[in-house]
1. Take the residues in region 64-83 that are under 16 Å from the mean Cα position of the chain (by Cα) and more than 13 Å from the ligand (Cβ to nearest atom); name whichever of them is surrounded by the most Cβ atoms within 10 Å (Cβ to Cβ).
2. State yes or no: is Asn124 more than 15 Å from the chain's Cα centre (by Cα) and buried (at least 16 other Cβ atoms within 10 Å of the Cβ)?
3. Only one residue in Asp11, Asp23 is at pLDDT 95 or above, surrounded by fewer than 19 Cβ atoms within 10 Å (Cβ to Cβ) and under 30 Å from Ala148 (Cα atoms). Which one?
4. Looking at region 181-194 only, could you name the residues that are within 10 Å of the ligand (Cβ to nearest atom) and outside any loop (DSSP other than H, G, I, E, B)?
5. Got a sec? Which of Ile197, Ile143 is farther than 30 Å from Glu43 by Cα, more than 11 Å from the ligand (Cβ to nearest atom), modelled with pLDDT of 95 or more and outside any loop (DSSP other than H, G, I, E, B)?
6. Determine which single condition Arg178 fails, assuming it passes every other condition in (1) within 16 Å of the ligand (Cβ to nearest atom); (2) farther than 22 Å from Lys101 by Cα.
7. Would you please name the residue that is farthest from the ligand (Cβ to nearest atom), looking only at residues in region 148-170 that are closer than 18 Å to Arg205 by Cα and assigned to a strand (DSSP E or B)?
Amino acid sequence: MSLQDITARMDAALVAAGRSAGDATLIAVSKVQQNARVEAVLEEGHRIFGENRVQEAAGKWPEFREKFDGIELHLIGPLQSNKVRQAFDLFQTIHSVDRPKLARTIARIADEEGRCPDLFLQVNTGEEDQKAGVAPGEADAFIAECRALQLPVRGLMCIPPANEEPSLHFALLAKIARRNDLAGLSMGMSGDFESAIAQGATHIRVGSAIFGERDYG
Ligand SMILES: *Cc1c(COP(=O)(O)O)cnc(C)c1O
């Protein structure tokens, strides 16, 4: 599917939800994709991309940034404390702030650098062992702690369990955001972004539907 197809589906979902076309941000998730595919999407004019590994992003984006202006990068995967400074240099937004220790490291480095990327806090809505994020029951306290650290918390992020109805998880994330006065909702991927938009997503993270299947070969 092309970038234009996805944008059209996004806009249709937004209008169906009583929102305006263009009211959500499309993050094109370029992890593992061949550079030629990523470059084709840059040539089409898209500038907002997501990567899930700092190392991989550091290897490919400096070169793209030399060729194309205005690139905005979002980190959507796990961040180790010892990569925070590097993440500051690469990413405008971090969606995967998933534990208090990481939040404290980000706050310390933000102090030193005098700047901080926009942040989304990850909530493990399905309480899955293998997934990052705070449990829904700990989310309010985590949000309060990040705010006390004066971090620029823009919203919440989740990745629903693979075999459950995603809209229940999106609705739960939206409810936690609402009661904490957070405007941003990073939710929805290739298979479920329309449902995420119906539940209020402001940032959707779409990879394979734009670029094709990832080849991990
Ligand atoms: C890979 C990834 C996506 C994109 O997944 P697709 O199914 O290819 O759209 C979205 N969010 C996160 C956190 C990811 O790691």
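The values are calculated or read from the model by the stated rules, or taken from the named source; none is laboratory data. None of these values were measured; they are calculated from a predicted model. FYI the Cβ positions are ideal-geometry reconstructions off the backbone, even for glycines, and counts take in every protein chain you see.
1. Looking only at region 64-83, we keep the residues that are under 16 Å from the mean Cα position of the chain (by Cα), and these are 71-79.
Filter once more, keeping what is more than 13 Å from the ligand (Cβ to nearest atom): 71-73.
Working: Ile71: 15, Glu72: 13, Leu73: 23.
Going through the qualifying residues, I end up with Leu73.
2. no
3. Numbers: Asp11 fails: under 30 Å from Ala148 (Cα atoms).
None of the others qualify; the one that does is Asp23.
4. Initial filter on region 181-194 (within 10 Å of the ligand (Cβ to nearest atom)): 186-193.
Matches in region 181-194: Ser186, Phe193.
5. Details: Ile197 fails: farther than 30 Å from Glu43 by Cα.
One residue alone meets the criteria, Ile143.
6. Result: Arg178 passes all but (1).
7. In this case the residue turns out to be Arg154.
Conditions tested, residue by residue: (1) part of a loop (DSSP other than H, G, I, E, B); (2) out of contact with any His (no Cβ under 8 Å at 6 or more places or on another chain); (3) over 27 Å from Asp129 (Cα atoms).
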site: Asn82; (1), (2), (3): no, yes, no
site: Arg85; (1), (2), (3): no, yes, yes
site: Ile94; (1), (2), (3): no, no, no
site: Lys101; (1), (2), (3): no, yes, no
site: Arg104; (1), (2), (3): no, yes, no
site: Ala107; (1), (2), (3): no, yes, no
site: Ala110; (1), (2), (3): no, yes, yes
